[in-house]
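Report on the following structure.
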Amino acid sequence: MNALSVMDTGVGPVTLRRARAADLPDLVAMLADDALGARRETTEAGAAALAPYLRAFEEISADDSHILVTASTPTHIVGTLQLSFLPGLSRQGARRAQIEAVRVHRDYRGRRIGDFMIQWAIEEAARRDCVLVQLTTDKRRTDAHRFYRRLGFAASHEGMKRDLTAGPDRPTSGPSVPVTTTYLWQLSPTDLKPASTPARHANVTQVEELAPEFARFLYTAVGGDWYWTDRLDWNLARWTEWLRRPGSEHWVAWIDGAPVGYVELAISPAPDSSNPDLLDAGSAGTHVEIAYFGLLPRFVGRGLGGQLLTEGVRRAWTLHERVPGCAPVERLWLHTCTLDGPQALRNYLARGFQVFRTDTQDEQVGPKPPGPWPGAH
């Protein structure tokens, strides 16, 4: 097994070792198992979905300056991190160590496995004559900040990143502005407060064979004025993969054959009520997220938003009936922020959603929303 270190957790040993290619499905699942990772990783099964992770694994394994490790019990992989060693001219030619992608399986948190992995990384860095160990952590991971401070890390620098995958549709970054994100949920179908039906109501139907091209049109047409940018640089393969996930549904509102707006549903664990970076694993029921919701601009102000959200909530509470093997839905959640439309939060509250968390962080936004297509505004 070539153990790097062994920890006694009180319920059995946890062994730290170098990762193997066969570990990748478990490692990727842990990377995806939080509110941030769920939006940038894939847990789709099969060789094609794992191919980019396998390429990265092979590159890491071939270079002694990087170590990808797993923490495992005799039966399960329960943690992972990557440790890299960086030479540099500063500090009189000092070598430093960089810690990345620290994860502990949700079923094994609270057993100091994270402490064990980080302590090993510190000791390995010292053994390799590094003068310091550094890491970055997302500003929204407040529990992680406390964890690292407890282990002796100091927030001594301001980290900055620039996304090099941005396509021509993605706006350039502008100044940092405070953005407040509000998390809301319903805990029962009876929480829904239906909206009144507008005089000219829409017909809301599920698009079952949804083309990625149409999904992207809905995303940009509805979100172009509200800084929806996360998916602007997705290619066709990534859209296709996303739409094939079990429980992924698009309910579209139509008037006279034209799309008015849409609701996107997804099976996704709700964030913990005290920390949006920790997914709530307190029950066996299904959690459904309203991932995206909105109207095309020309249809705003006609009462259609209340109708569409009402229909979307009803469909969300019955999603398990359309997904084989899915446990009954017991929680419906969403989040909105101050970059969204001004009516969004009021609509959610009026439909019976309850706020369970708010969080304010500085975020970089473009000088103006991207619009429905490049150059539209």
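A few points about this structure:
- Verdict on GLY371 being in contact with a His (Cβ under 7 Å, 6 or more places away or on another chain), more than 21 Å from GLN206 (Cα to Cα), surrounded by fewer than 19 Cβ atoms within 10 Å (Cβ to Cβ) and touching a residue at least 24 places away in the same chain (Cβ under 8 Å): yes
- Counting only residues that are more than 23 Å from PRO370 (Cα to Cα) and in a strand (DSSP E or B), the stretch 228-257 holds 5 of them.
- Residues of the stretch 189-204 that are of a type outside the set (Lys, Arg) and within 25 Å of ARG331 (Cβ to Cβ): PRO189, THR190, ASP191, LEU192, PRO194, ALA195, VAL204.
- Only one of LEU54, LEU50, LEU81, LEU24 that is touching an Asp or Glu at 6+ places or on another chain (Cβ under 9 Å), modelled with pLDDT under 95 and not assigned by TED's automatic domain parsing to the domain that holds PRO246: LEU50
- Qualifying residue in the stretch 64-74 (condition: surrounded by fewer than 19 Cβ atoms within 10 Å (Cβ to Cβ), more than 21 Å from the chain's Cα centre (by Cα) and either closer than 26 Å to LYS139 by Cβ or of a type in the set (D, E, K, R) (or both)): yes
- Looking only at residues in the stretch 216-241 that are in contact (Cβ under 8 Å) with a residue 40 or more places away in the chain and of a type in the set (A, V, I, L, M), the one that is nearest to VAL300 (Cα to Cα) is VAL222.
- A search for C-beta distances below 8 Å between a residue of the stretch 61-73 that is within 28 Å of GLY12 (Cβ to Cβ) and any residue that is among the acidic types (Asp, Glu), counting only pairs 6+ apart in sequence or on different chains, returns ILE67/GLU124; THR70/ASP23; THR70/ASP26.
- Just so you know, in the stretch 215-249 the residues that are among the charged types (D, E, K, R) and at pLDDT 95 or above include one that is surrounded by the fewest Cβ atoms within 10 Å (Cβ to Cβ), and it is ARG216.
- Just one residue in the set ILE67, ILE60 is aliphatic (A, V, I, L, M) and in a strand (DSSP E or B); that residue is ILE67.
- Of all residues making up the stretch 175-195, the number that are at pLDDT below 95 and more than 24 Å from the chain's Cα centre (by Cα): 0
- Condition check for ASP340 on (1) part of a loop (DSSP other than H, G, I, E, B); (2) out of contact with any Ser or Thr (no Cβ under 6 Å at 6 or more places or on another chain); (3) more than 30 Å from THR190 (Cβ to Cβ): one failure, at (3).
- Any hit, the stretch 265-283, residues being modelled with pLDDT of 95 or more and either over 27 Å from ALA350 (Cβ atoms) or charged (D, E, K, R) (or both): no
- Here LEU24 passes the criteria (1) touching a Phe, Trp or Tyr at 6+ places or on another chain (Cβ under 7 Å); (2) closer than 29 Å to GLY152 by Cα except the one numbered (2).
The values are calculated or read from the model by the stated rules, or taken from the named source; none is laboratory data. Just so it is clear, the structure is predicted and the values come from calculations on it, not from any experiment. Ideal geometry is used to build each Cβ from the backbone, glycine not excepted, and the neighbour counts take in all protein chains shown.
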